[in-house]
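FYI, it's all coordinate maths here, none of it is from the lab. Just so it is clear, the model here is predicted, and its values are computed rather than measured. Glycine also receives a Cβ, built like all others from the backbone with ideal geometry; neighbour counts cover every protein chain displayed.
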Amino acid sequence: MKKNCLLIFVLFIFSATYADSVRETPLVKTIRKVMPSVVNLSTERIVNRYQGRSNSHFDSMLDEFFGYQRQRRKNQKTYSLGSGSIIDKEGLIVTNSHVVHRATRIQVTLSNGKKFFAEEVASDQVNDIALLKIIDLPDDIVLTPIEFSETDYMLGETVIAIGNPYGLGNTISHGILSAVNRETTFQGEAIFSDLLQTDTAINPGNSGGPLVNLEGKLMGINTAIYKEAQGIGFAIPTQRVENLLSDWLIPERFGSVSLGIIPARRYKENGQKEIFIKEIIKGSPASIVGLKNGDIITKIEDKPIKSLIDLSSFLWKLKANEHFKFIINNDKSYNLTIESYSNDNIDEVIKRKLGIGVQNLTEPIAKALGYPFFNGVVVSDVFNNTADIERGVILVKLNSIPIYKKEDIARAIRAKFYGESINAVIIYLTDDGYNRYLLKQNISFHLK
């Protein structure tokens with residue numbers, strides 16, 4: 001009797017263990033690994049109606065840039081939902097640009113349900129990528145960055161999409177990698193030529209979320225569904241995401257410091273990866289010590305460079321007066337010191353580089369100029385500048401950086417030097433004798 005009971009007990013334990021092992025597939029293990037790196041994003045935009053005659057073009061322009069601080073009769077909050085991936089322990093998140101476009105507030109929900117607000121650090125609407133940073137992340141919150149894959153994509157391999165479709169929270173779908181280097185066109189022109197195609201179910205709200213392989217590594221950012229067919233989705237590949245992030249993850253963007261190195265990743269003919277210097281900023285510490293465009297970065301101090309995202313994560317956190325050593329081509333060593341500079345003379349820097357004077361748009365200034373919102377930067381003087389710009393216009397964007405105050409302009413131009421161009425977006429008021437309109441214009445400054 002005792003032997004029979006013991007046998008039954010052993011069989012029970014074996015069957016339970018076997019059942020668990022069967023259920024815990026590679027797919028389950030991957031999802032468990034990746035889930036803490038995925039966030040849900042909700043964005044808020046307050047749609048206001050301007051006091052006066054309604055005009056849809058006028059309203060849409062105000063909503064796009066400064067809708068949340070306009071004079072108004074009625075407010076209506078609207079929400080959009082998307083997803084993102086944590087790429088750094090200090091709260092950096094990558095998502096689609098269209099997910100956070102025009103957002104007045106961005107709320108991040110972690111996989112454990114904790115919620116924080118985030119700000120947009122940079123965005124590129126052409127590539128549909130945006131970089132966010134959690135505001136005031138508590139020290140006791142431990143984030144799990146997602147790992148980036150290489151570009152050794154295998155057709156038919158299992159891929160997993162994690163996102164926030166229809167606001168349902170983190171939702172899993174999986175399928176296969178159907179094709180690589182897919183081209184998409186808009187009005188007859190090729191927009192992308194390197195998209196990943198998958199049959200994984202991607203629904204509204206999945207935008208900005210990760211497409212990962214069975215190793216739990218990021219293959220791409222889910223970005224679109226092919227409307228004319230079922231079961232066809234696209235993702236922006238890791239290599240393009242990394243190279244774009246490397247333009248943004250530099251110390252110049254996060255503080256009043258200068259290093260002067262913009263790295264990138266490429267592959268040689270034999271398939272080996274290289275991390276190289278794509279651009280050296282003139283007059284920077286990197287330029288002064290003799291680093292050049294095209295130099296291959298092999299080590300920082302004595303640590304080999306494993307990936308571009310690892311290098312970028314190191315660079316953006318550098319502080320003033322920090323010292324470190326770059327190893328180039330495995331044999332040449334350069335000692336670098338991060339240079340600091342002051343924002344005390346912001347007005348002088350803007351005048352010298354852009355040829356304009358600016359003021360933060362306060363309520364009295366806005367009322368005097370007739371603007372129905374109280375946020376942004378207004379051009380107050382025009383000196384010897386190369387852009388088609390007049391006094392009284394609002395400067396809203398320089399390259400990928402939104403402009404809300406004068407300090408944002410300094411941040412946008414600090415890494416730019418004589419002879420370089422910088423794209424700008426301005427808006428201004430006009431009228432036809434009956435209605436007032438906001439018009440948007442794209443211009444370029446040639447820096448002095």
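Roughly what would the spin-label model give for Asp139 and Glu157, points 7 Å off Cα along C-beta, in nm?
Distance between the two pseudo-spin positions: 4.0 nm.
Between Gly355 and residues 5 or more places away or on another chain, which pairs have amide H atoms under 5 Å apart, with H built 1.01 Å from N, and which residues are they?
Amide H to amide H, under 5 Å and 5 or more residues apart or across chains, Gly355 pairs with nothing.
By count of other Cβ within 10 Å, fewest leading, how are Thr198, Thr171, Thr430 ordered?
Sorted ascending by nearby Cβ count, the order is Thr430, Thr171, Thr198.
Quick check on packing: order 261-273, 387-399 by the mean number of other C-beta atoms within 10 Å, highest mean leading.
Final packing ranking: 387-399, 261-273.
Tell me the volume per residue, in Å³, of the convex hull enclosing the alpha carbons of segment 79-153.
Here the figure is 111 Å³ per residue.
Based only on Cα atoms, what Rg/Rh ratio does segment 317-448 have, Rh being taken as Kirkwood's radius?
Reported Rg/Rh (Cα atoms, Kirkwood Rh): 1.12.
At 0.36 nm per residue, minus the direct Cα-Cα distance, what do Asp388 and Glu279 gain on full extension? Give it in nm, one decimal, please.
36.4 nm
If you line up the Cα atoms of segment 231-354 on their principal axes, what length do they span on each, largest first, in Å?
Result, largest extent first: 52, 45, 21 Å.
Tell me, Asp347, Asp152 in order of fewest to most beta-carbon neighbours within 10 Å?
Neighbour counts put them in this order, fewest first: Asp152, Asp347.
Can you tell me which aspartates and glutamates have their Cα less than 12 Å from the Cα of Lys278? Leave out same-chain residues fewer than eight positions away.
Asp247, Asp295
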